[in-house]
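See structure below.
The values are calculated or read from the model by the stated rules, or taken from the named source; none is laboratory data. Note that the structure is predicted; figures quoted are calculated from it, not measured. Note that we place each Cβ from the backbone using ideal geometry, even for glycine, and neighbour counts take in every protein chain shown.
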Amino acid sequence: MLAKRAVKRFRPQIIGVTGSVGKSSTKDAIAAVLESKYDVRKSQKSYNSEIGLAMAVLGISTAWNSPLGWLKNIWLGTRVAFGPSARFAEASSRRAGRAGKKFPKILILEMGVDRPQDFDKLLKVARPDIGVVTAIGQIPVHVEFFSGPEAVAREKSKLIKILPSEGTAILNFDDEVVWEMHEKTKAKVFSFGFGTESNLRASNYKIDLSGITFKLARDGASVPIRLSKVYGKQHVYAAMAGASVGLAFGMNLIEISEALQKYSAPPGRLKLIEGIKNSYILDDSYNASPLATHAALDTLGDLQTKGKKIVVFGDMLEIGKYTIEAHKTLGQLAAKYAGYVITAGPRSKFTAEGAISNGIPKENVKSFSTSDEAAPYVKELIKKDDLILVKGSQGMRMEKVILEIMAHPEDAEKLLVRQDAYWLRHP
């Protein structure tokens with residue numbers, strides 16, 4: 001109620017970001033582009049549920065399970081929604097980190113769904129002027145409570161359906177399920193992708209241990225983009241989405257390319273971390289879905305190293321009837337790029353089976369029940385110049401493996417996901 005009131009009071013332009021993967025990275029890329037010229041606020045972390053969206057609008061942080069903290073949040077939210085002065089409408093707590101600032105002109109909001117009708121609840125809080133859909137794929141994350149991938153796509157397409165005629169729908173042209181949504185909106189449609197028919201096109205993608213480079217082209221004009229310490233094509237898609245929003249706001253490609261130099265991947269989204277014994281860790285531990293894991297494995301395959309490649313993989317959760325098939329398929333794919341596969345959790349044993357069936361020697365595959373159990377084994381296994389991909393769903397807590405093998409664990413708070421007090425109290 002407070003967030004809805006704040007939107008009505010200040011009437012910011014709202015950019016909604018949805019999809020099954022890449023929402024947080026895309027939100028950050030959009031913010032990197034727009035912050036160079038405009039007054040913006042983006043969702044913190046992955047605040048994309050009904051309550052998370054409201055907190056993002058109001059500029060407050062979660063109080064987890066603290067009743068006193070939530071009472072304070074309600075007070076801060078009330079000041080934003082009903083306070084006497086628009087000038088200092090921003091919540092003024094240190095925890096919000098933005099004391100004394102004006103309510104922003106632009107809100108960049110993640111919008112996620114777990115169940116049918118979730119999007120209806122989000123749209124009651126905030127109705128975007130610009131809608132961005134990242135990727136959905138054939139087996140989306142959170143498909144467990146839907147009848148199938150088509151039902152997930154229908155739910156997320158509500159973002160595109162409600163856009164005003166003067167709004168803009170920004171769609172991933174390379175994802176067939178996403179691109180089909182262009183028929184469901186009265187807003188202007190703008191596409192991005194590697195496909196030659198997309199409005200904004202990426203090409204000449206290259207990757208090494210220093211980051212990625214590519215070109216962005218629009219109407220015959222092109223600019224080179226370099227993202228330092230950012231890895232994987234999924235970040236190219238995030239950058240393209242950010243650039244598309246920038247174009248919608250009247251920015252040119254040169255301005256956008258300069259702004260994207262400030263983009264960095266959020267923790268746990270294919271971040272390269274220095275490992276013990278002079279190894280390299282490709283940290284993708286935030287969450288996992290079939291599409292995102294496939295992309296992470298492709299990135300592992302693209303990167304060159306003198307040592308061996310190791311996949312440390314935890315269960316993918318919330319994919320329902322696709323669990324066995326998806327885990328086994330990703331094990332088969334891992335065998336193409338890695339010499340060792342270490343799994344954590346009962347579901348990822350099917351990943352181990354898939355890896356063995358596709359040629360990895362049985363002695364190079366090891367399964368454990370939890371990430372805590374897997375970590376010491378991985379620590380013993382790695383040697384100099386090894387490249388270790390760590391990925392799994394949030395519930396598997398794969399960041400614990402990284403904490404065990406990173407060269408500088410004292411930097412965990414700024415480098416890894418789930419390092420705040422709540423998660424550390426709930427191992």
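Going by what's in this entry, would Ser222 be described as in a strand (DSSP E or B), not β-branched (Val, Ile, Thr) and not assigned by TED's automatic domain parsing to the domain that holds Pro409? Steps first, please.
Working: in a strand (DSSP E or B): yes; not β-branched (Val, Ile, Thr): yes; not assigned by TED's automatic domain parsing to the domain that holds Pro409: yes.
So Ser222 passes the test.
Return the residues of segment 323-348 that are crowded, with 24+ Cβ neighbours inside 10 Å and either farther than 21 Å from Arg397 by Cα or among the basic types (Lys, Arg) (or both); say none if nothing qualifies.
Answer for segment 323-348, where residues must be crowded, with 24+ Cβ neighbours inside 10 Å and either farther than 21 Å from Arg397 by Cα or among the basic types (Lys, Arg) (or both): just Ala338.
Can you give me the number of residues within segment 271-284 that are closer than 14 Å to Ser210 by Cβ and in contact with an Asp or Glu (Cβ under 6 Å, 6 or more places away or on another chain)?
Final tally of qualifying residues: 1.
Quick check, is Glu166 modelled with pLDDT of 95 or more and over 21 Å from the mean Cα position of the chain (by Cα)?
yes
Could you give me the residue pairs with C-beta distances under 9 Å whose first residue belongs to segment 105-117 and is more than 10 Å from Ser49 (Cα to Cα), whose second residue is of a type in the set (S, T, N, Q) and assigned to a loop (DSSP other than H, G, I, E, B) wherever it lies, and which are 6+ apart or on separate chains?
Leu107/Ser43; Ile108/Ser43; Leu109/Ser43; Leu109/Asn48; Pro116/Ser147
With under 30 Å from Glu325 (Cα atoms), of a type in the set (A, V, I, L, M) and part of a helix (DSSP H, G or I) as the only criterion, which of Ala265, Ala259, Ala238, Ala288 stands out? Before you say what the answer is, go through the steps one by one.
On the way: Ala265 fails: part of a helix (DSSP H, G or I); Ala259 fails: under 30 Å from Glu325 (Cα atoms); Ala288 fails: part of a helix (DSSP H, G or I).
The unique qualifying residue is Ala238.
Applying the selection to segment 143-173, what residues are farther than 17 Å from Lys121 by Cβ, polar (S, T, N, Q) and buried (at least 16 other Cβ atoms within 10 Å of the Cβ)?
Those that are farther than 17 Å from Lys121 by Cβ, polar (S, T, N, Q) and buried (at least 16 other Cβ atoms within 10 Å of the Cβ): Thr168, Asn172.
Can you find a residue that is touching a strand residue (DSSP E or B) at 6+ places or on another chain (Cβ under 8 Å), in the same structural domain as Ile15 (by TED's automatic domain parsing), over 18 Å from Ala238 (Cα atoms) and part of a strand (DSSP E or B) anywhere in segment 167-184? Explain how you work it out, then say what you get.
Going through segment 167-184, the residues touching a strand residue (DSSP E or B) at 6+ places or on another chain (Cβ under 8 Å) turn out to be 167-175, 178-179, 181-182.
Narrowing the set further to residues that are in the same structural domain as Ile15 (by TED's automatic domain parsing) leaves 167-175, 178-179, 181-182.
From the residues that got through so far, the ones that are over 18 Å from Ala238 (Cα atoms) too are 167, 181-182.
Filter once more, keeping what is part of a strand (DSSP E or B): none.
Checked against the condition, which is being touching a strand residue (DSSP E or B) at 6+ places or on another chain (Cβ under 8 Å), in the same structural domain as Ile15 (by TED's automatic domain parsing), over 18 Å from Ala238 (Cα atoms) and part of a strand (DSSP E or B), segment 167-184 yields no hits at all.
If you go through segment 361-396, how many residues are free of Cβ contacts under 8 Å to residues at least 60 places away in the same chain and closer than 16 Å to Asp284 by Cα?
Residues flagged as free of Cβ contacts under 8 Å to residues at least 60 places away in the same chain and closer than 16 Å to Asp284 by Cα within segment 361-396 amount to 2.
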